[in-house]
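Working notes for the structure below.
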Amino acid sequence: MLKGRRVVLAVTGGIAAYKAADLVSKLASAGAEVRCILTENAARFVTPLTFQSLSGREVHTDTFDRSSGEFYQHLAVADWGEVLVVAPATANILAKAAAGIADDLASTALVSFPGPVLFAPAMNCHMWANAAVAENVEKLRRRGANFVGPGEGRLACGEIGMGRMAEVPEILAAIEEIVGKAAKQKKQRQ
């Protein structure tokens with residue numbers, strides 16, 4: 001199902017970024033092509049080199065980096081991808097996406113991405129329960145965004161509650177479902 005599919009993965013700054021590295025590995029093993037965007041804070045948890053090694057592709061970290069030859073990186077990545085996955089999706093990126101804020105490469109790619117988007121939220125249980133976060137998630141769902149997780153369990157901060165990023169197999173299944181629906185819709189239009 002994922003062989004040859006083009007997945008854009010935006011990794012944001014949460015401890016669950018280490019799971020995103022496993023996600024890239026599993027996507028690549030399934031035959032998907034993956035282009036990664038790391039926020040500045042994500043790169044503090046896991047280095048771009050890790051994602052480059054796992055994906056076999058340059059990792060995008062800066063809106064203004066022109067070394068790739070792509071002047072409008074956010075548009076080039078958005079045009080290339082079939083699905084955009086945000087994992088981990090922090091409270092910050094959910095708020096930016098809900099408000100249409102585009103102040104870094106990940107949020108700009110989100111605003112310019114024309115296809116399906118999948119968020120895999122990951123944050124402290126009190127953050128996940130916050131009314132503003134809940135409103136942002138609901139707003140994004142109404143606009144057609146997809147979500148997988150979060151799950152309940154032990155969090156990095158030591159608390160137990162809702163906020164763990166979905167496990168990689170769950171995220172893979174959600175990506176397969178989204179890609180399958182998109183392919184079916186494309187066939188129906190033809």
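Tabulated results
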{"item": "Residue pairs meeting the criteria (Cβ under 7 Å; at least 6 apart or on separate chains; first under 17 Å from residue 95 (Cβ atoms) and at pLDDT 95 or above, in the stretch 108-119; second part of a loop (DSSP other than H, G, I, E, B) and not acidic (Asp, Glu))", "result": "117/145; 119/145"}
{"item": "Number of positions in the stretch 80-120 that are out of contact with any Ser or Thr (no Cβ under 8 Å at 6 or more places or on another chain), polar (S, T, N, Q) and within 19 Å of residue 165 (Cα to Cα)", "result": "0"}
{"item": "Tabulated pairs, the stretch 146-166, first closer than 22 Å to residue 118 by Cα and of a type in the set (Lys, Arg), second surrounded by 18 or more Cβ atoms within 10 Å (Cβ to Cβ) and at pLDDT below 90, C-beta under 9 angstrom, 6+ apart or interchain", "result": "164/155"}
{"item": "Count - residues of the stretch 1-46 that are part of a strand (DSSP E or B) and not acidic (Asp, Glu)", "result": "11"}
{"item": "Conditions (1) charged (D, E, K, R); (2) farther than 21 Å from residue 84 by Cα; (3) in contact with a Leu (Cβ under 9 Å, 6 or more places away or on another chain); number of the one not met by residue 176", "result": "(2)"}
{"item": "Number of the condition not met by residue 144 [criteria: (1) surrounded by 14 or more Cβ atoms within 10 Å (Cβ to Cβ); (2) not in a helix (DSSP H, G or I)]", "result": "(1)"}
{"item": "Selection status of residue 174, touching a residue at least 12 places away in the same chain (Cβ under 8 Å), of a type in the set (A, V, I, L, M) and not in a helix (DSSP H, G or I)", "result": "no"}
{"item": "Filter result for the condition that a residue is closer than 22 Å to residue 29 by Cβ and more than 17 Å from the chain's Cα centre (by Cα), over 180, 161", "result": "180"}
{"item": "Residues that are modelled with pLDDT under 95 and within 16 Å of the chain's Cα centre (by Cα), drawn from the stretch 84-106", "result": "102, 104, 105, 106"}
{"item": "Checklist (1) at pLDDT below 90; (2) in contact with a strand residue (DSSP E or B) (Cβ under 9 Å, 6 or more places away or on another chain); (3) of a type in the set (A, V, I, L, M) applied to residue 148, failing item", "result": "(1)"}
{"item": "Any hit, the stretch 109-127, residues being assigned to a helix (DSSP H, G or I), out of contact with any Phe, Trp or Tyr (no Cβ under 9 Å at 6 or more places or on another chain) and buried (at least 22 other Cβ atoms within 10 Å of the Cβ)", "result": "yes"}
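The values are calculated or read from the model by the stated rules, or taken from the named source; none is laboratory data. None of these values were measured; they are calculated from a predicted model. Please note: Cβ atoms are built from the backbone with ideal geometry, for glycine as well, and neighbour counts cover all protein chains shown.
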